[in-house]
1. Only bridges whose two residues both fall in segment 347-580 count here: according to DSSP, what percent of them are antiparallel, nearest 5?
2. Which whole-Hz couplings ³J(HN,Hα) result when phi for each residue of segment 426-433 is put into the Karplus expression 6.51 cos²θ - 1.76 cosθ + 1.60, θ = phi - 60°, listed in order with x for Gly and Pro?
3. Ranked by Cβ crowding within 10 angstrom, fewest neighbours first, how are R107, R12 ordered?
4. Would you count, across segment 169-282, every pair of lysines whose alpha carbons are under 24 angstrom apart, provided the pair is eight or more residues apart or spans two chains?
5. Show me the chymotrypsin sites (Phe, Trp or Tyr not before Pro) within segment 169-265 that DSSP assigns to loop and that have at most 15 other Cβ atoms within 10 Å of their Cβ.
6. Kindly provide the chymotrypsin sites (Phe, Trp or Tyr not before Pro) of segment 406-464 that DSSP labels as loop, not H, G, I, E or B, and whose Cβ sees at most 14 other Cβ atoms within 10 Å.
7. Sorting M166, M96, M221 on the 10 Å Cβ count, fewest up front, what's the list?
8. If I model a spin label as a point 7 Å beyond the Cα along the Cα-Cβ vector, how far apart are those points for M166 and S64 in nm?
Amino acid sequence: MRYEPYDTEENRSPWWVLRQICASHKVTLTLAVCLITLVSCLQLLPVYLLFVSLNEILILAAASTEKLLWIAAGLVAVIIGKNLCLVGAYYFSHKMAFKILTEVRFRLAQNLSSFSLHWLKKQNSAQLKQQCLQDVEKLENFIAHQSVELLNACLTSLCIVLALFMIDWRLALSTTAVVSVALIVRACFLSKTAQHYAKLNEVDAAFNTTLSDYVKYAPLMKLYNLDSQRFAILDNQLKSYQQEVHEVVKHTAPSWGLYTALLGSVFIFLLPCTIWLHSSGQITLSHSLLALMLAVGIFGPVVKVSRFFIEINELLESIQRITPLFSVEPNHRDEAPIQVNSKYPMLQFYCVDFRYHQHTVLRNVHFKLLPNAINVVVGGSGGGKSTLAMLACGLLVPSAGRVQLYGQDVFGLSDGARAQAMSVVTQESYLFEGTVRDNIIFGRSGISTETLDHALVAAQLKPWLKRQREGLETPVSAQGANLSAGEKMRIAIARALLAAPPLVILDEASAAMDNLTHSKFYQGLKGHYPNTTFLVITHKYVGLENSDQIFSLVDGEIVAQGDHESLLARCEHYQKGWHLQGGESSSATHFTPAPILSYEI
Ligand SMILES: Nc1ncnc2c1ncn2[C@@H]1O[C@H](COP(=O)(O)OP(=O)(O)OP(=O)(O)O)[C@@H](O)[C@H]1O
């Protein structure tokens, strides 16, 4: 069974995901939390010790130097102790964050393989990259830094309010009243800015995608002498981004300013309240002094907590983005093999139409492959060849008709069944950093030298490998940047052949081969893989004399089918194509319409 992301969401909240992620790190988390709690308590001790010394000096006027020295020593010890605890808390939070970073990335990479090929093909690679890299990094940053600072800020504010409460509940109330008013003001304004933040995130995502393309294609930009300003798409997106940032700042800056101003005015209530309590004899002068000193420390932590409530949205969005990828269970992969039914042909197109939106690309395409033979679909550019290849491997669903493998709809096959039944080489060769051997063997084990050699010979790689000093160990850069287009394609073909499925689909895989290699290519396939069925999609007529069955595709319709000689005799399109590409023929130039074989499913 294949999984689409919506199968896995099940209303899982980001907090649930966060809990899951941290679940296996409870001990480290507990240690970090304990240490930070200690830090928050110790944070108030210096204030208390300062108060004691001031009390001794100013109020009691009984300070002895020895006592003051002891207080100073205590102060130093508390500061050292607090900082040691803080270092410990950061150590554990960082340790946990780095472990989580690795685990989550690994899990996302593992889970990617659980999604259907169909879904993966539709994904925007910049967005997938964001989920697997940036979003996970945001999570790591939250756990390593923000979580510690946030907890510290919350506990410190709480300790201050508690200490004020212990002096006199009215002092605590007058402090929290201002903070509450500030929070209410901020909440009122925030509800109005939510839509601006949502828009900003949207624009930001689009900008990131384009920027990622721009960076990827930087050499091309250079060739066209474009820079980020003259590359209009990027420039327009940057302008929209700046405009949205301006909108967000316009709407949030006044409310944020008012909010911080209110927080800073904590003394507006506290000071009159302290004076009144002291003058009415309800608290001592020492307690008044202590209350004012404590209240000074509440501003920083409360602002930190508020900042977090703004940044939390970004964190939650990141978690939400990775949730579908994170939540799918890797053991959901379905490796069930395909049911081979000899009653049906291996691959058949039955009256297939295909449309991209309103644009009809294939019309009534109807054929079946000759087994253990080279079947070729040949035609001009834009005629629908790659669309046909994608239908054959189940990446597209026909708008009408059916594409079947052993009588089963290809689109509905599980990944396991598809991979077992076919290998596909597309125009994109998908090479990884490593060696030629790594790219061909592609993680498979137990491949004999003879099997590997067969694939190398048939893919026309041998002559090239002989010229390489390191042979199969020749390094391959990321995306095969150090290889020619033809070399990359031949490596991809060898990889597909090595998988040894009954069906191999080659979509323009030999396009970069010269004519001589191209002719040898078909002979090599036939000679080395007599029990494999090939579906070759090509615009090249050279070498087709070595194929077994050819379909001539013109503007989305198969206009003729047969072998090379019969098509030369009967199909005008085929003969034109063959001659235009330098083919020689002694065949007749009088055409008789090519019959299209029909058959029943
Ligand atoms: N994803 C798509 N959305 C809309 N139209 C598409 C899409 N992909 C291809 N097309 C259109 O479908 C038609 C057939 O495209 P296809 O890639 O199948 O042709 P092709 O024969 O393989 O061409 P080429 O030899 O140039 O690769 C073209 O007109 C193309 O513009």
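Just so you know, all these numbers are worked out from the coordinates, no wet-lab data involved. This is a predicted model, so every value here is computed, not measured. All Cβ positions, even for glycine, are placed from backbone atoms using ideal geometry, and neighbour counts span all protein chains on display.
1. Details: 20 of 39 bridges.
Percent antiparallel among DSSP bridges in segment 347-580 is about 50.
2. Rounded to whole hertz, the list is 9, 5, 9, 8, 6, 9, 10, 5.
3. Numbers: R107 19, R12 16.
Placing the least packed residue first, the sequence is R12, R107.
4. On the way: K192/K239; K192/K250; K199/K239; K199/K250; K216/K239; K222/K239; K239/K250.
The result is 7.
5. On the way: sites: W169, F189, Y197, F207, Y214, Y217, Y224, F231, Y241, W256, Y259; in loops: Y217, Y224, F231.
Taking segment 169-265 and a limit of 15 other Cβ atoms within 10 Å, the loop chymotrypsin sites (Phe, Trp or Tyr not before Pro) found are Y217, Y224.
6. On the way: sites: Y406, F411, Y430, F432, F442, W464; in loops: Y406, Y430, F432, F442.
Of the chymotrypsin sites (Phe, Trp or Tyr not before Pro), the ones in loops of segment 406-464 whose Cβ has at most 14 other Cβ atoms within 10 Å are Y430, F432.
7. Values: M166 11, M96 24, M221 18.
Exposure proxy ranking, most exposed first: M166, M221, M96.
8. Those two pseudo-labels are separated by 2.6 nm.
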